[in-house]
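Chemist: Okay, handing you the structure first.
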Amino acid sequence: MQGQNQQQAYDRGITIFSPDGRLYQVEYAREAVKRGTASIGVRTEDGVVLVVDKRTRSPLLEGSSVEKLHKVDDHVGAASAGHVADARKLVDHARQQSQVERVRYDEPIGVRTLTKEVTDHIQQYTQVGGARPFGVALLVAGISDGEPRLFETDPSGTSNEWKAVAIGSDRSVIQEYLEDEYETDLSLDEGVDLALRALNEGRDDELSAEGVGVATVDADSELFRELQTEETAEYLEDLE
């Protein structure tokens, strides 16, 4: 009982470390990410693919209103897992930083630079009293100097670059599938197929075009594009 009381004391403030060096509020934020529906990123030779699970709580809910995919700049997009409102705030911050870069230097912001700006912003909320960490993780995908890049952000304010990665619920199952099936010479279409198959691994029911969001950032055009429902349906038909 005493140990439980001590833990409750340490998790009341974000600025308090436990004796074993843990920040409980950050760990709780990671749990919020795990409870969010899955998002997947796959980097290919031709660009980057983002696939998100947009399953809805009710058949009366419009799937298009579920915010899981976000355009940050012409050449950068993001997918989220966790609290949607927190994701929206981080995406707004990323958009502002992208525009600052264009105004100041007259060039698009680098994907790594943008990710660092976002994670620096996240990290501030892990050491300020009276605030809480962002309960969301992002996949930041884009093109820098003609090269596809894919980064993951964490509620602690750290980032990692990946070839293929999953965040949200069923991450371990999806990530294991990606590790087994990923190949470095995938085309963009093959990347979409791989991400959809990986998402299907973590679900009990069948995928539907309305319940899945797909976006790509093509290396040639360097443009972020979210696929229409009809295009997603064609990929799912090929998957079957």
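Every number here is computed from the coordinates shown, using simple stated rules; none is lab data. Worth saying up front: this structure is predicted, and the values here are computed from it rather than measured. Quick reminder, even Gly has a Cβ in these numbers, built from the backbone with ideal geometry, and neighbours come from all protein chains shown.
Chemist: Pairs of Cα atoms under 8 Å, at least six residues apart: use those to get the relative contact order of region 92-225, whole percent.
Modeler: The normalised contact order for region 92-225 reaches 18 percent.
Chemist: At q = 0.12, 0.18, 0.20, 0.24 Å⁻¹, what is the log10 ratio I(q)/I(0) for region 140-240, with the Debye formula run over Cα points and no solvent?
Modeler: Relative scattering, expressed as log10 I(q)/I(0), comes to -0.42, -0.99, -1.21, -1.54.
Chemist: What is the ratio of the Cα radius of gyration of region 80-222 to 2.2 N^0.38 Å, with N the residue count, to two decimals?
Modeler: That ratio works out to 1.12.
Chemist: Oh, and also: Run the numbers on the chain and let me know its relative contact order in percent, using alpha-carbon pairs under 8 Å that are six or more apart.
Modeler: Computed over the chain, the figure is 28 percent.
Chemist: With the cut-off at 16 Å, report for region 112-164 the share of all Cα pairs above it, as a whole percent.
Modeler: 41 percent
Chemist: Evaluate 2.2 N^0.38 Å with N set to the residue count of region 1-139, then give the Cα radius of gyration divided by it.
Modeler: Relative to the rule-of-thumb radius for its length, region 1-139 sits at 1.24.
Chemist: Measuring from label point to label point, each 7 Å out along Cα→Cβ, what is the E31 to L239 span in nm?
Modeler: Going by the 7 Å Cα→Cβ label model, 3.1 nm.
Chemist: How big is the convex hull of the Cα atoms of the chain, per residue, in Å³?
Modeler: 147 Å³
Chemist: Here is a follow-up. Using every Cα-Cα pair within region 183-240, state what percent have a distance larger than 19 Å.
Modeler: 29 percent
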